[in-house]
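Worksheet: the structure to be examined is printed underneath.
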Amino acid sequence: GMFYDSVYPEKQTGASGAAFEAGARGQNLTEWQCGMASLRPRWNVSGSFMQAIPRFYSTDGKKEYDFLDGVFASRAELLSSIFLKGYQWPFGASRISGKSRSGLIDLAVMRERSLGRRVYLDYVRNPGDEPVDFDSLIPEAKNYLSAAGALGSAPAERLYAMNPQSGDFYLSHGTDLRREPLEIAVCVQHNNGGLAAGADRQTAVRGLFAVGEAAGTHGVERPGGAALNAGQTGAICAAEAAARLIRTDGPVKASAAPQKAAEEIVSLPSRCRGSESAASLLDRARRVMSRAAGIERDSAVLRRALDEIGGILNDFEKLVAPPQPRELETFFILRDVLISQKVYLYAMLEYAENAGVSRGSAIYTKASRGPYGTSGNAFRGVVRETLYDPNTGLCSTLVRPCRPVPPPPGSFETEWKKYEERRRNAADTAPD
């Protein structure tokens, strides 16, 4: 819910703000996975969508711009880089120099949109509106397309030869790629950071657990299997820990302080005296976040964004109009999003000013020193956790050493026996 350019389903807005207010800490909040996606519907344009080598263009409503012209050293490199985006869909700070420079496409798309232009993929015409010379492509691209029987003259022809379901998906949503372009942007897809949690997935708040993408366990590059580990394995760990907590201490009861805070939040709509709708402010806040916290993050821009979001949050009651009943959902989403944005922007700004290295899906810059490289101090050996104080509205950073890597597990059979024993013990001691 924090970003305007997002590939998340629209109803998946998250609720990290409530967790931060309750005392949970953020961990690795700087780390995201970002890449190009269509805006309507929200869908990644990875795999076959890029391997078909479509044309990229932008428009200001009057003129079309083939904005990738001149980005690469040769047409052959341009075509091969578009193909490689199928494999290298997530933007990577390490993919803008050297042998692999496919990340330059993402940066070019971002900059076109920053100029107020809309960016499209065109499957009717080839890049530069010229035929594709397949012999000029890198062997990996040429061999792949040849083996797939995808050497057609137009991108749509190649797409349907490789993966007709891809084209049919958009057709089912009202866009025929064989006849019309597809609007895209560089969007956030995964938060590799999240709430700090231990091996049992319990946060700093007793009885509050974080699993899946809510937990900051995916790692900078989000390696294969990370989602399964965070979601399915994390859920089992959290369930076992919650069961132990109830057996030993009984149900977790809220103290008077959180109950009082909850009452104040519930009564918040009646205290608002502003003139701007929650929907309008939410749209504004999301645009601020996408501009400042996407794949290019400059310390000065992050600071301005943090000040703007913090200002909206501080003056919430003065700015927001009293919501109608149908607006209450958006009203509370706005408040939660603003808290989340403030915490995340704080973490990104602190990283930009102190770490000195670009990594993952973000390039960091600082006016006094220019873009950071992809090697150097990235707080190795420590984890930086971000805290939010709901009483003061201030954020702070807690630095702790990385936990040691546990001993290697035994054989599958040995570990499975341990798991079965834990399950039996849990069943034997479960409350009636």
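The values are calculated or read from the model by the stated rules, or taken from the named source; none is laboratory data. Just so we're clear, the structure is a prediction, and the values are computed from it rather than from any experiment. Counting neighbours? That spans all protein chains shown, and the Cβs are built from the backbone with ideal geometry, glycine included. Side chains included, ligands, DNA and RNA excluded: accessible areas come from the protein's heavy atoms. Shrake-Rupley method; radii C 1.70, N 1.55, O 1.52, S 1.80 Å.
Worth a mention:
- Rounded FRET efficiency, nearest 0.05, which uses the C-beta distance separating ASN314 from ALA199 and R0 of 56 Å: 0.90
- Protection proxy ranking for 22-34, 89-101, 142-154, 259-271, using the average of other Cβ atoms within 10 Å per residue and placing the highest first: 22-34, 89-101, 142-154, 259-271.
- Cα gyration tensor shape of the chain, rounded if a/c is under 1.5, else prolate or oblate by comparing a/b with b/c: prolate
- Column: log10 I(q)/I(0), Debye, Cα scatterers of region 54-201, q = 0.19 Å⁻¹: -1.29
- Relative to the Cα centre, the charge distribution of the chain, modelled as +1 at Lys and Arg Cβ and -1 at Asp and Glu Cβ, gives a dipole magnitude of about 660 debye.
- Look at the alpha carbon pairs under 8 Å that are at least 6 residues apart: their mean separation over the length of the chain gives a relative contact order of 21 percent.
- On the beta carbon distance between ASP283 and ASN391, with R0 = 35 Å, the FRET formula returns roughly 0.75.
- Beta bridges per DSSP with both ends in the chain, % antiparallel, nearest 5: 85 percent
- Separation of the alpha carbons by more than 31 angstrom is noted for no pair of LYS253/LYS342; LYS85/LYS366; LYS260/LYS318; LYS260/LYS342.
- Given charges at Cβ of Lys, Arg, Asp, Glu: the chain dipole, positive-most of LEU281, THR365, TRP32: THR365
- Distance from region 238-300 to region 201-234 (C-alpha centre basis), Å: 19 Å
- Mean separation of Cα contacts under 8 Å (6+ apart) over length of region 94-202, as relative contact order %: 30 percent
- Ranked packing of 287-299, 56-68, most packed first, by mean Cβ within 10 Å: 287-299, 56-68
- This model, with +1 at the C-beta of Lys and Arg and -1 at the C-beta of Asp and Glu, gives region 173-285 a dipole about its Cα centre of some 360 debye.
- Region 99-182: C-alpha gyration tensor shape, a/c 1.5 cut-off, then a/b vs b/c: oblate
- Measuring against 26 Å, Cα to Cα, the residue pairs LYS62/LYS99; LYS99/LYS142; LYS63/LYS99 contain LYS62/LYS99; LYS63/LYS99 as the ones spanning a longer distance.
- By accessible area, using a 1.4 Å probe on protein heavy atoms only, region 275-363 has 47% of its surface on carbon and sulfur.
- For the chain, the per residue solvent-accessible surface stands at 49 Å², with DNA, RNA and ligands left out and a 1.4 Å probe.
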